[in-house]
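The values are calculated or read from the model by the stated rules, or taken from the named source; none is laboratory data. Everything quoted here is computed from the prediction, not taken from an experiment. A quick note on method: Cβ atoms are made from the backbone with ideal geometry, for glycine too, and the neighbour counts reach across all protein chains shown. Quick note on the areas: whole protein, heavy atoms, side chains included, nothing else; ligands and nucleic acids left out. Shrake-Rupley method; radii C 1.70, N 1.55, O 1.52, S 1.80 Å.
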Amino acid sequence: MQTFFSLGLVRGLIGQIVGTALGIALVTLLRAVMGKEPVWSPEPAVSFGALVGVAGFMIGVGAVTDWVKWMKGEETPFHHGPPEGKPAWTRYFGTDYSHKVIGIQYGVTSIVVIIIAGILALIFRTELAQPGIQFLDPHGFNTVMSTHGIAMIAGILLGVAAMMNYLVPLMIGASDMAFPRLNAFAFWINVPGLLLVIASLFTGGWDTGWTAYPPLSTRAPLGMLLVLLGVYVIGLSSILGALNILVTVFTMRAPGMTLFRMPIFVWASVATSIIALTATQLIGLSFIMVVAERVFKMYFFTPILSEGAKELGSPPGNAILFQHLFWFYSHPAVYVFVLPGLGIISELLPVFARKPLFGYKWVAMSSLGIALVGFLVWGHHMFTAGMEEHLRVPMMYSTLLVAVPTGVKFFSWVATLWEGKLTFPTPMLFILGAISVFLIGGLSGPPNGTVSTDLFLHDTYWIVGHFHATMFGGFVFPFFAAIYYWFPKVTGRMYNEKLGKLHFWLMTPGFWLQSLAQMQVGLKGMRRRIADYDPGLGITTGQILITIAGFIIAFSILIMVYNLIVSLRRGEVAAPNPWNSLSPEWQIPSPVPEVSYAQPFVVVDEPYAYGRPGATYIRFAPAGASDHKPTKSPSQEV
Amino acid sequence: MSTITGTLEAYQKQWRINRLGLWLFFISETFLFGGLFVARLYLWGDTRPPLDQKLGITITLILLISSYFMYRADTAIAYGDQKGLMNNLLVTFVLGLIFLIGVVGFEWRGEVRPSDGAFGAVLYGMTGMHAFHVFTGLIFIAIVWLNARKGLYTKERHWGVEACAIYWHFVDMVWAFYYPALYLLGTVPHG
Amino acid sequence: MRHILTAAVLVVIVTVIVAFILINANLLPTVASQEGMIIDNLLTLHLLVIAFLFALIVVFMTYSIVVFRRKPGEEGDGKYIHGNTKLEIVWTLLPLATVLYFASLGASSLYEITKPLDNELKIGVVGFQWAWRFDYYGPDGKVAFSSNELYLPKDRPVRLDITSTDVIHSFWVPEFRVKQDAVPGQRHPLRITPTQLGEFKVRCAEICGRGHAVMYATARVLEPSEFQSWYEQQLASSQEEGGDIVAMGAKVAQKYGCIGCHSTDGSPMAGPTWKGLFGKEETLADGRTITVDEEYIRRSILDPGADIVKGFANIMPNTYKDQISDEELEALIAYIKSLK
């Protein structure tokens, strides 16, 4: 029991509850003192309560303890190693500064959130399998569908952070991230944020889809407010995590690791982090503006003019502005989701093809190219929105340009396979599955990017099919590949190959079916985000297929979870380098020791020199011979 | 903003890393403030609400002058001058506080209310977001001042002071864009 | 080299097969507008390129998987090939040229779809939670009458000026292909030239709350002469003064879009039909039974969530109490009473 209450997570939850209550009480008290009517006003009270609750969680979990000490001018030791006098597992449930612990925290949270979001999807897909309202009323449907969307996005962001946190420092030979405390803070702030999103289900729900377009979102029930604030908090995590990755990569690489000798996944992480660092601010801003409209009646987006506004001659609010701000992040955001995944594909293909990555520099630059072009394409979500007419054509040109660097990636992958010596363990299968699924997603893109065809396709299930294929091909499949591939490195044990292959052979055809059926019903006229559909469209078979495919995918993921849990305890002990990889993290024992590289290494060659006899990427410096010690001076990091 | 342990070399290496982190943070923040700036251009176009011009120029000058004292504070500690650091921080703090009172206490008591269409929304959105950053800057200055009193900063080791100073300059720079956007661009309609 | 040639031949074969399937799979609903035909042509071109690129990647990938797999007992690595700059340049420039070409096609077709035409019929479209209203203009250029069904003449260009009174909606008829969001406080044009007679469904394509899925309206394309006589008849009846309270109630039902969800002929829609409603016994969702009287109808308009009839969802907006006048309310009740 004492252990239970010493867990950071438990203390954090208590902190959040206390904080929320305090915040709500404070606002209500202030209103009473100031004589405002009515004294109980849910919107301001709950929004302030939610924010104080998040702060309460962070204090409770201990993520700000060291910073508070610094503010008081006190010294803090640099935490390393498991907490003393406590079982080792407890460190995963509290604030810990090791990037490996934080990476696993991110990864497990990601899988949990993705499973929750997946269950939500199954609920509304079951409802949609037949025309008519079966068991979910339209508002319930909208709530479940919207929460599915935002929870998946949160889950994907967590998964991306998991891969970057665990792998980037290992791949570049850094002892940890540049700012370990910021790293822990960035992870933990997700938890209260996610709790706010989940709480929305029980506070009236919300019905806008994840895009939260006003004016609908300014009229939606209280749950909407919690989602807006929760997403804001999760976005904050994304910004801080990206900042940390960028600084780590720019300042802490091993000697000899020039930019063009970095593992390709690190390049992808840099490209992703550039987007996350900057663009994320705008989804935060746009959501905060909606909150301001709800709480303070600041009409940014709704054309309501008060008497005073008319006297001043004020222009009205404009709903299109929200979409500009929102998509300026939310389009690049999909590159945040997929670039690391594409990086994983490029990272693993050479290992299993036993060949160098074809056109390394081109692949690296294509990630950067996608990231940069991605800033100029947001308008393609607004072709039918009533956006400024003159923006349509330029946005179409920039959007279609994204196809060029994406094409470079595809061609380079295929050329990497060509004349290789291919083997097909589970990670490789998922990589190939990822390419095939991402291909469906990629090829279905240009028709949406072209304005005139998009006037037809926009807001249909074709779009749903398109982006689920890009998300699965660009994130889910590579993420699963990464989980299987690095499982022995993280745990020191091997996963069960048979179950892994079963997972793949269920999920891949399942997903193809789901995706193609979604596109087919979309072309027939099925709209997005509808609680019920018109059987007159002739899409009932398609709807049933989508639902069945959804259940197959869900079942296959259950197999994976089972496989991972069982293998963690009873899996065969893994060899240090089962894949015969040249990457530095495979040259040290598994699981990775507390201090990853007891001996620092020097990069002596290109990263993927497979096929050249005697190839090596790194060489360990003899102990004491290098001045690049993994020691850190304590307490000066942020 | 922390105590002094470890070798000077290690401290300065970490200083460089921290500095990069802080500048990346500013790039990120620029997008936040930039978004509000764009909202102003988008919603107001070539109009603007009637605001007290004298108040505007006064608080702007006060904030700009405060940056000068912040610069002196940073320079003082670079020469190891503890007293100069603390005095200049104090002046900066007072000027920043006057700015904040000017915004919240006077500008926000003008004829524009938050619920007055796009005028109210953008005016309170931009000044509110900026005032929040000034407020956090004041807290930052207060913490640095308290730590300076304990003698925690030296000529070689004063990352905390530098961070506080650049943050303050950044917030100041934001206002250098916001002031003309709110007070000078466009004309007041006669509604 | 032999490998490349074999794969190239396979690419051609697979391209043809996939293209054949995509073109002949009857993927789209019937097209019923000039603009729709332009879009379908471009979409077909897209599908052909998709077929080729799909074949290109899938064939080379599958070929590698089959041919370049590690045979049992085989040792060693693959070929040490770093890359090929010329190849990279080719597969950067070729896609670049293709997308630029498609973007130019997109731009020119967009111009075709959106350019103003002579003899355009102007109709105002108003979306609101959760129905549509269509405003027809009189000879004086002012709104003469409104309808909850969209009547269109065949082969005449129509310009719809689309707006909303509450949240964002989107006007879409799949058979016409094009869509346009309805944004509160703004009017955005959409041009349609219907080419087929018949009934189509207007569907809201932007999520707008509880009733989004059933936010339908009927679009009827008529022969120009038929349309003209319908138009003139409506115009004439709108100019009649006063009329009795029941006729006024019918107009109120149109104005607020009531008949978007409530039929007047007994056919099932999103809300209970009004035919024979007055005096009927209704079972409510919570099990109570009530007899429909004036008081019940009034309450159901002003506070729709209060008594939900069994089998129906609580999707009616509760905003009418702020919009409808007492006079209109009485007229509407009289109208509902008249529907025996």
Here the qualifying pairs (Cβ atoms under 8 Å; residues six or more apart or on different chains; first in the range A:286-303 and within 14 Å of chain C (Cβ to nearest Cβ) and open to solvent by 10 Å² or more (accessible area, probe 1.4 Å); second in a loop (DSSP other than H, G, I, E, B) and modelled with pLDDT of 95 or more) come out as none
Scanning the range A:407-436 residue by residue, those more than 7 Å from chain C (Cβ to nearest Cβ), under 17 Å from C:GLY83 (Cα atoms) and open to solvent by less than 10 Å² (accessible area, probe 1.4 Å) turn out to be A:LYS409, A:SER412, A:TRP413, A:THR416
Checked pairs for the range A:535-558, first away from chain C (no Cβ under 14 Å), second of a type in the set (Gly, Ala, Ser) and open to solvent by less than 70 Å² (accessible area, probe 1.4 Å), C-beta under 6 Å and 6 or more apart or across chains, list as A:ILE544/A:ALA129; A:LEU545/A:ALA517; A:ILE546/A:ALA517; A:THR547/A:ALA129; A:ALA549/A:GLY510; A:ILE552/A:GLY510; A:ILE553/A:GLY510; A:ALA554/A:GLY118
Across the range A:378-396, the tally of residues that are assigned to a helix (DSSP H, G or I) and either at pLDDT 95 or above or more than 22 Å from A:ALA271 (Cβ to Cβ) (or both) stands at 7
Restricted to the range C:51-75 and to residues being at the interface with chain A (Cβ under 7 Å from one of its Cβ atoms) and surrounded by fewer than 16 Cβ atoms within 10 Å (Cβ to Cβ), the residue farthest from A:GLY433 (Cα to Cα) is C:GLU74
Could you tell me whether the range A:86-93 includes any residue that is closer than 20 Å to A:ALA184 by Cβ, assigned to a loop (DSSP other than H, G, I, E, B), open to solvent by 20 Å² or more (accessible area, probe 1.4 Å) and not assigned by TED's automatic domain parsing to the domain that holds A:SER200? yes
The correct count of residues that are among the small types (Gly, Ala, Ser) and either facing another protein chain (nearest Cβ under 9 Å) or under 23 Å from C:PHE68 (Cα atoms) (or both) in the range A:379-397 is 2
For the range B:134-155, pairs from a residue that is at the interface with chain A (Cβ under 9 Å from one of its Cβ atoms) and small (Gly, Ala, Ser) to a residue that is open to solvent by 70 Å² or more (accessible area, probe 1.4 Å) and assigned to a helix (DSSP H, G or I), with Cβ under 7 Å and 6 or more apart or across chains, are none
Quick count over the range A:437-458, residues being open to solvent by less than 10 Å² (accessible area, probe 1.4 Å) and either in a helix (DSSP H, G or I) or facing chain C (nearest Cβ under 7 Å) (or both), is 13
* To do: Say whether the condition of being under 25 Å from the mean Cα position of the chain (by Cα), under 17 Å from A:VAL295 (Cβ atoms) and either assigned by TED's automatic domain parsing to the domain that holds A:ILE189 or among the aliphatic types (A, V, I, L, M) (or both) is met by at least one residue in the range A:54-63.
  => yes
Please verify whether A:GLY205 is in contact (Cβ under 8 Å) with a residue 12 or more places away in the chain and assigned to a loop (DSSP other than H, G, I, E, B), treating the condition exactly as stated. yes
By my count, strands (runs of 3 or more DSSP E) wholly in the range C:177-239 with at least 3 residues that are within 14 Å of chain A (Cβ to nearest Cβ) and surrounded by 22 or more Cβ atoms within 10 Å (Cβ to Cβ) are C:179-182, C:198-204
C:ASP307 passes all but one of the listed conditions (1) modelled with pLDDT under 80; (2) within 24 Å of A:PHE141 (Cβ to Cβ); (3) of a type in the set (Asp, Glu); the exception is number (1)
Of the residues in the range A:14-68, those that are open to solvent by 20 Å² or more (accessible area, probe 1.4 Å) and among the acidic types (Asp, Glu) number 2
Looking across the range A:339-358 at residues that are buried (at least 24 other Cβ atoms within 10 Å of the Cβ) and of a type in the set (Val, Ile, Thr), the single one that is farthest from A:ILE431 (Cα to Cα) is A:ILE344
Note: among A:LEU342, A:LEU368, A:LEU349, A:LEU372, just one is under 25 Å from A:VAL464 (Cβ atoms) and aliphatic (A, V, I, L, M), namely A:LEU342
Residues of the range C:16-39 being farther than 16 Å from C:TRP172 by Cα and not in a loop (DSSP other than H, G, I, E, B), in sequence order, are C:VAL16, C:ILE17, C:VAL18, C:ALA19, C:PHE20, C:ILE21, C:LEU22, C:ILE23, C:ASN24, C:ILE38
